[in-house]
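Participant: Shown below is the structure under consideration.
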Amino acid sequence: DVVLTQTPVSLSVTLGDQASISCRSSQSLEYSDGYTYLEWYLQKPGQSPQLLIYGVSNRFSGVPDRFIGSGSGTDFTLKISRVEPEDLGVYYCFQATHDPLTFGSGTKLEIK
Amino acid sequence: EVKLQQSGDELVRPGASVKMSCKASGYTFTDYAMHWVKQSPGQGLEWIGTIIPLIDTTSYNQKFKGKATLTADKSSNTAYMELSRLTSEDSAVYYCARRDYGYNYFDYWGQGVMVTVSS
């Protein structure tokens with residue numbers, strides 16, 4: 001199975017500062033069709049996960065442009081600029097390139 | 001408005017089975033795959049498997065083969081997951097999530113079903 005390693009495990013950020021989360025894959029996530037099936041989800045406390053980013057760097061509808069996804073191959077990053085109170089929760093990367101589909105272990109974002 | 005309404009929380013005995021539902025509304029049920037995800041207490045997310053309602057095809061994470069059975073009823077726009085031979089390891093929240101074929105992402109999630117396995 002593809003292992004997605006997220007770092008850091010937790011992150012404490014001052015409001016207005018930038019946060020950066022890394023997701024490293026044990027295998028390349030570029031599929032034979034050239035697409036990279038790497039997504040980012042945020043699970044706010046007590047809620048279901050919600051989509052932030054798909055295809056490495058595409059923001060889902062309604063997601064603020066403060067959220068920026070980047071990367072290729074096995075290394076991916078989610079940057080959140082100007083962190084706001086509603087950004088707190090656990091962030092998961094997810095890959096759908098290889099079967100079985102797998103999630104990263106999560107990064108908990110706390111507000112200082 | 002797209003909505004995935006899951007059935008209520010369950011308390012079940014070890015060794016028993018449980019079947020939960022995910023009723024879809026606000027879109028054409030057969031236009032999307034339905035996936036299921038497990039979240040153990042205080043833990044991360046695990047992909048269980050998927051069903052394509054249009055052709056009644058399923059695909060499972062090997063880890064959940066024999067544990068989870070996915071079905072769908074096109075007449076009621078409802079997806080189901082049955083978990084069998086329950087143990088304490090199955091105590092978790094289970095989510096259904098719609099996956100878009102074209103863009104390939106989970107854009108809508110159910111609210112989750114908490115399953116507690118206890119005698």
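The values are calculated or read from the model by the stated rules, or taken from the named source; none is laboratory data. Computed from a predicted model, the values in this text were never measured in an experiment. No Cβ is skipped: glycine too gets one built from the backbone with ideal geometry, and neighbour counts run over all protein chains shown. The accessibility values were calculated without ligands, DNA or RNA, using every heavy atom of the protein model including side chains. Shrake-Rupley method; radii C 1.70, N 1.55, O 1.52, S 1.80 Å.
Participant: For B:LEU54, what is the net charge nearby, where nearby means another residue's Cβ is under 10 Å from its Cβ and Lys, Arg count +1, Asp, Glu -1?
Facilitator: Residues close to B:LEU54 contribute a combined charge of -1.
Participant: Heavy atoms only, probe 1.4 angstrom, no DNA, RNA or ligands counted: give me B:LEU11, A:LEU38 ranked by accessible area, highest first.
Facilitator: Result, largest first: B:LEU11, A:LEU38.
Participant: Something else now. Add +1 for every Lys or Arg and -1 for every Asp or Glu among the other residues with Cβ under 14 Å from the Cβ of A:TYR37, and state the total.
Facilitator: -4
Participant: Would you work out what percent of the accessible area of chain A, with all protein chains in place, is carbon or sulfur (probe 1.4 Å)?
Facilitator: The computed percentage sits at 47.
Participant: On to the next question. Only protein chains counted, 1.4 angstrom probe. Which residues of region A:25-58 are at least 10 Å² less accessible in the assembly than when their chain is isolated?
Facilitator: Going by heavy-atom accessible area, the residues of region A:25-58 that drop by at least 10 Å² are A:TYR35, A:TYR37, A:GLU39, A:TYR41, A:GLN43, A:SER48, A:PRO49, A:LEU51, A:TYR54.
Participant: Now a separate question. Ignoring ligands and nucleic acids, what accessible area does B:ILE48 show with a 1.4 Å probe (Å², nearest 10)?
Facilitator: 0 Å²
Participant: Now, a different point. Comparing A:GLY16, A:GLY73, A:GLY62, which has the greatest mean-square fluctuation in the GNM of chain A with Cα pairs linked when under 10 Å apart?
Facilitator: Per the Cα network of chain A with a 10 Å cutoff, A:GLY62 tops the list.
Participant: Leaving out ligands, DNA and RNA, what percent of the accessible area of region B:1-118 is carbon and sulfur, probe 1.4 Å?
Facilitator: So the carbon and sulfur contribution to the accessible surface is 48 percent.
Participant: When all C-alpha to C-alpha distances in chain A are sorted into bins of 10 Å, what percent of pairs does each bin hold, rounded to whole numbers?
Facilitator: 15, 51, 28, 6, 0
Participant: Between their Cα atoms, which of A:LYS108/B:LYS3; B:LYS23/B:LYS65; A:LYS108/B:LYS23 are more than 29 Å away from each other?
Facilitator: A:LYS108/B:LYS23
Participant: Count the net charge of all other residues whose Cβ sits under 11 Å from the Cβ of A:THR97, scoring Lys and Arg as +1 and Asp and Glu as -1.
Facilitator: Around A:THR97, the surrounding residues sum to -4.
Participant: Continuing with the same structure: Roughly how many Å² is the accessible area per residue of region A:48-110, as a whole number, for a 1.4 Å probe?
Facilitator: 38 Å²
Participant: Right, next: Given charges of +1 on the Cβ of Lys and Arg and -1 on the Cβ of Asp and Glu, with all other atoms neutral, how large is the dipole of chain A about its Cα centre, in debye to the nearest 20?
Facilitator: 320 debye
Participant: Give me Rg/Rg_expected for chain B, where Rg uses Cα atoms only and Rg_expected = 2.2 N^0.38 Å with N residues.
Facilitator: With N residues counted in chain B, Rg over 2.2 N^0.38 Å equals 1.00.
Participant: Mind telling me which of A:PHE60, A:PHE76, A:PHE94 comes out most flexible in a GNM of chain A, alpha-carbon contacts under 10 Å?
Facilitator: Between A:PHE60, A:PHE76, A:PHE94, it is A:PHE60 that shows the largest mean-square fluctuation.
Participant: Chains B and A: buried accessible surface, both sides, probe 1.4 Å, rounded to 100 Å²?
Facilitator: 1500 Å²
Participant: Sticking with this structure for a sec: Could you give P(r) for the protein assembly as shown, binned at 5 Å from zero, as whole percent values over all Cα-Cα pairs?
Facilitator: For the protein assembly as shown, the binned pair fractions read 1, 7, 14, 18, 19, 16, 13, 7, 3, 1, 0 percent.
Participant: With the dipole of chain A worked out from charges on the C-beta (+1 for Lys and Arg, -1 for Asp and Glu) around the Cα centre, which of A:CYS93, A:LEU11, A:VAL63 lies farthest toward the positive end?
Facilitator: Positive-most Cα among the choices belongs to A:LEU11.
Participant: Where the centroid of each part is defined by its Cα atoms, how far is region B:59-98 from region A:51-98 in Å?
Facilitator: A separation of 27 Å, based on Cα centres.
Participant: Run the dipole for region B:50-119 about the Cα centre, Lys and Arg Cβ at +1, Asp and Glu Cβ at -1, nothing else charged, and hand back the magnitude in debye, nearest 20.
Facilitator: Using Cβ point charges on Lys, Arg, Asp and Glu, region B:50-119 gives about 160 debye.
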